[in-house]
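Asker: Below is a structure I'd like to ask you about.
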Amino acid sequence: MGSYKGEEQHHHHHHRNESNCVLVHGPIIVGAGPSGLATSACLKQQSVPSLILEKSDCIASLWQHRTYDRLKLHLPKQFCELPLLGFPHNFPKYPTKHQFISYMETYASHFSIKPRFNQAVIKAEFDHVLGFWRVKTQDFEYISRWLIVATGENAEPVIPDIPGIDRFKGRVVHTSLYKSGSVFKNQRVLVIGCGNSGMEVCLDLCRFNVIPHMVVRNTVHVLPREMFGFSTFGIAMALVKWFPLKLVDKLLLLLANFTLGNTDQIGLRRPKTGPIELKNVTGKTPVLDVGALSQIKSGKIKVVEGVKEVTINGAKFVDGQEKEIDSIILATGYKSNVPTWLK
């Protein structure tokens with residue numbers, strides 16, 4: 001690549017010139033979350049340099065900026081550790097959000113991974129003439145033979161189009177901005193979505209004398225986080241090695257019904273497809289219950305059907321009911337943003 005005139009050494013393995021082109025020796029990794037850091041560490045172990053581009057101002061930005069205070073890992077730590085460096089021994093089985101973030105920061109400094117922050121990739125395309133990837137951010141064009149996408153499935157909040165929501169006079173907030181139920185004290189709150197976030201936010205709201213109404217539009221698998229002292233996920237992973245998937249799903253549901261009872265009776269209908277198969281086919285994760293179910297059974301969390309429309313001070317539901325509501329929380333999940341920039 002002889003066109004790089006006046007190159008000055010920049011950041012050890014990267015060269016740049018006046019036209020804001022940076023030549024990267026080794027792969028460009030987009031995203032400084034767990035996957036990006038793990039990839040960089042594994043490459044480094046093989047003496048391959050890499051450069052991480054991160055759109056926010058820190059590593060694991062989803063964890064640092066977009067998670068609620070009481071969040072803990074839903075899976076035991078051994079399933080969540082990154083390669084080459086495990087969690088500290090004194091961490092509990094289910095580390096807290098802050099413990100997980102500190103682990104990630106330790107990981108990055110241990111492998112001296114230094115992402116370039118505030119570099120949002122606007123466009124990445126392969127130049128067939130040069131045989132290189134051109135990765136553009138707002139400041140530079142980075143050039144490398146390899147591109148690794150590590151932006152995860154949870155890059156952008158999904159904001160659904162609900163009729164009438166723009167005329168609602170209360171607060172509307174996506175779970176990516178939800179920190180704690182304290183700001184909703186004594187309110188009637190409509191939580192739209194019944195995945196792990198929706199359930200956990202409802203549980204958190206209960207601590208602040210809130211009456212959460214959780215919208216359950218579709219079927220959902222709820223599994224206990226643990227069965228007989230073992231992690232449900234761990235049991236599932238062990239069984240899948242030995243038995244056909246459909247059989248493992250049947251076993252899990254049998255155990256779930258035994259520990260949780262029939263969830264259909266409290267408005268949480270199970271899908272026809274088993275939980276692991278459903279995750280494999282659609283990417284939809286089963287909900288691991290950390291206490292919300294008992295609050296639903298006791299009536300502290302109300303399960304409601306789909307929203308037909310939002311009014312100025314409430315909501316109308318598909319079953320004809322109408323309720324007054326003070327605030328709305330969208331637990332509607334995230335989506336990948338890769339299609340917008342990867343050509």
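Asker: What is the dipole size for segment 157-334, taken about its Cα centre, with +1 at each Lys and Arg Cβ and -1 at each Asp and Glu Cβ, in debye to the nearest 20? It would help to have the intermediate numbers written out before the result.
Answerer: On the way: 23 positive and 15 negative charges, 25 e Å.
Here the size comes out at about 120 debye.
Asker: Could I ask something else about it? Could you pull out every residue, at least 5 positions away or on a different chain, whose amide H is within less than 5 Å of the one on D289? Hs are placed 1.01 Å off N in the peptide plane, and Pro or chain starts have none.
Answerer: Those lying under 5 Å, H to H, from D289 are L223, R225.
Asker: If you average the C-alpha positions of segment 133-171 and of segment 22-48 separately, how far apart do those two centres end up, in angstrom?
Answerer: Comparing the Cα centres of segment 133-171 and segment 22-48, I get a distance of 21 Å.
Asker: Additional query: With a 1.4 Å probe and all protein chains left in place, how much accessible area per residue does the chain have, in Å²?
Answerer: Accessible area per residue, the chain: 51 Å².
Asker: Efficiency by 1/(1 + (r/R0)^6): what FRET value for Q78 and E105, r their Cβ-Cβ distance, R0 = 22 Å, to the nearest 0.05?
Answerer: Working: r = 20 Å, r/R0 = 0.91.
For Q78 and E105, the calculated efficiency is 0.65.
Asker: Right, next: About its Cα centre, how strong a charge dipole does the chain have in debye, to the nearest 20, once Lys and Arg get +1 and Asp and Glu get -1 at the Cβ? It would help to have the intermediate numbers written out before the result.
Answerer: Details: 41 positive and 29 negative charges, 145 e Å.
Dipole of the chain, to the nearest 20 debye: 700 debye.
Asker: Right, here's the next one. With charges only on Cβ, +1 for K and R and -1 for D and E, what is the dipole size of segment 172-267 about its Cα centre, in debye, rounded to 20?
Answerer: Values: 9 positive and 5 negative charges, 27 e Å.
Computed about the Cα centre, the dipole is about 140 debye.
Asker: With the full set of protein chains in place, find how many percent of the accessible area of segment 78-212 is carbon and sulfur; take the probe as 1.4 Å.
Answerer: Values: 3720 of 6850 Å².
Summing carbon and sulfur atoms, their accessible area is 54 percent of the total for segment 78-212.
Asker: What FRET efficiency comes out for the pair K300/R217, r = Cβ-Cβ distance, R0 = 22 Å, nearest 0.05? Spell out each step's value before the answer.
Answerer: Values: r = 21 Å, r/R0 = 0.96.
Plugging the Cβ-Cβ distance into 1/(1 + (r/R0)^6) gives 0.55.
Asker: OK, next. If I stretch the segment between D69 and S35 completely, what's the gain in nm (0.36 nm per residue apart, minus their alpha carbon distance), one decimal?
Answerer: Details: separation 34, 0.36 × 34 = 12.24 nm, distance 2.27 nm.
Taking D69 through S35 to full extension adds about 10.0 nm, to one decimal.
Asker: Once R0 is set to 22 Å, what does the formula 1/(1 + (r/R0)^6) return for the Cβ-Cβ distance between L247 and T282, expressed as a FRET efficiency to the nearest 0.05? Numbers along the way, then the final one.
Answerer: On the way: r = 20 Å, r/R0 = 0.91.
The computed FRET efficiency comes out at 0.65.
Asker: Taking the 0 to 90 degree range and rounding to the nearest ten, how far is the long axis of helix 97-110 tilted relative to the main principal axis of the chain, both from C-alpha atoms?
Answerer: 10 degrees
Asker: Once the piece of chain linking S47 and E153 is laid out straight, how much longer is it, given 0.36 nm per residue of separation minus the C-alpha distance between them?
Answerer: Values: separation 106, 0.36 × 106 = 38.16 nm, distance 2.86 nm.
Stretched fully, the S47-E153 segment lengthens by 35.3 nm.
Asker: If you rank R188, R167 by how much accessible surface each has, with a 1.4 Å probe, what is the order from largest down? Show your work: numbers first, answer last.
Answerer: Values: R188 90, R167 115 Å².
The ranking, largest first, comes out as R167, R188.
The values are calculated or read from the model by the stated rules, or taken from the named source; none is laboratory data. Bear in mind the structure is a predicted one, so any value in this text is a computation, not a measurement. Glycine gets a Cβ as well: all are built from the backbone with ideal geometry, and neighbour counts include every protein chain shown. SASA here: full protein model, heavy atoms, side chains in, ligands and nucleic acids out. Shrake-Rupley method; radii C 1.70, N 1.55, O 1.52, S 1.80 Å.
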